[in-house]
């Protein structure tokens, strides 16, 4: 299940324990997964970047082998940012590169906004900046429709719906046959099923959506933009940033890239036209090449 030389440990941060997979030595590259994944989503990146770097991929709080605090407020983005900062401190790195996908990317954006002094670089894979997402969820009917799955994930019946029939909804609606059957092998599928089946793991992941202030309109309510539109100056990212975007993402549309340079002065965008939300799995060699070039353009 683990790439060669990956070691596993539990790290105390902010009153909880995070399970973390680590390898290599050198400058730290920290990988943060999204929903409904866990550290294993980055297994190919751990193997690819362990030569010349210390690489670490935690199970974010609420997921897989990490602790799952019960309170909804424990899943607000600020707490998630503090987790990654505490993890980097534990590993002995003041500055590091942060790579995030989906919710891991949401946390990555927030980390870069709050603590630019801690980051050498930021890499985002299919995760919208809060400023552009607030605009899209407020003004773009297509993104509003694409995000309506968030309302289901916030509902009281979400755990039961996701777990039914061997996690069929996650397998079929989230990953789909292209990834679940076409890319994942038996070992991969078993790893994901085991992670989803751990007590409290579904609730932990769903609490990210329940605690979020941003989302599509519900009934007569207006879309929630988290208040970001009121003060866009709060959202400037003063870190060199690479955004990798699979353009066939049905949940996060390419409109989230429009105007991104307004918030990220030092920005590189690399689009993968045939990639979906799961481009890390679909095109790992392309993703790894783009990250490698960004980390060390001379050697790449």
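Of these, 234, 161, which one is part of a helix (DSSP H, G or I) and either touching a strand residue (DSSP E or B) at 6+ places or on another chain (Cβ under 9 Å) or at pLDDT below 95 (or both)?
Just one listed residue meets the conditions, 234.
Going by the conditions given, is residue 133 out of contact with any strand residue (DSSP E or B) (no Cβ under 8 Å at 6 or more places or on another chain) and surrounded by 15 or more Cβ atoms within 10 Å (Cβ to Cβ)?
For residue 133, the condition - out of contact with any strand residue (DSSP E or B) (no Cβ under 8 Å at 6 or more places or on another chain) and surrounded by 15 or more Cβ atoms within 10 Å (Cβ to Cβ) - is not met.
Sort out which residues of the stretch 63-81 are part of a helix (DSSP H, G or I) and either buried (at least 16 other Cβ atoms within 10 Å of the Cβ) or modelled with pLDDT under 95 (or both), and write them in order of number.
74, 75, 77, 79, 80, 81
What's the number of the only condition in (1) without any contact (Cβ under 8 Å) to a residue 60 or more places away in the chain; (2) within 29 Å of residue 179 (Cα to Cα) that residue 34 fails to meet?
Single failed check for residue 34: (1).
State all residues of the stretch 252-273 that are out of contact with any strand residue (DSSP E or B) (no Cβ under 8 Å at 6 or more places or on another chain) and surrounded by fewer than 18 Cβ atoms within 10 Å (Cβ to Cβ); if no residue qualifies, say none.
255, 258, 259, 262, 265, 273
Within the stretch 105-120, is there a residue that is touching a strand residue (DSSP E or B) at 6+ places or on another chain (Cβ under 8 Å), in contact (Cβ under 8 Å) with a residue 40 or more places away in the chain and assigned to a strand (DSSP E or B)?
yes
Do we find that residue 34 is out of contact with any helix residue (DSSP H, G or I) (no Cβ under 8 Å at 6 or more places or on another chain) and at pLDDT 95 or above in this structure?
no
Name the residue that is farthest from residue 275 (Cα to Cα), counting only residues in the stretch 177-187 that are assigned to a helix (DSSP H, G or I) and touching a residue at least 12 places away in the same chain (Cβ under 8 Å).
187
The values are calculated or read from the model by the stated rules, or taken from the named source; none is laboratory data. In this text, all values refer to a predicted model and were calculated from it rather than measured experimentally. Cβ sites come from the backbone with ideal geometry, for glycine too, and all protein chains shown count toward neighbours.
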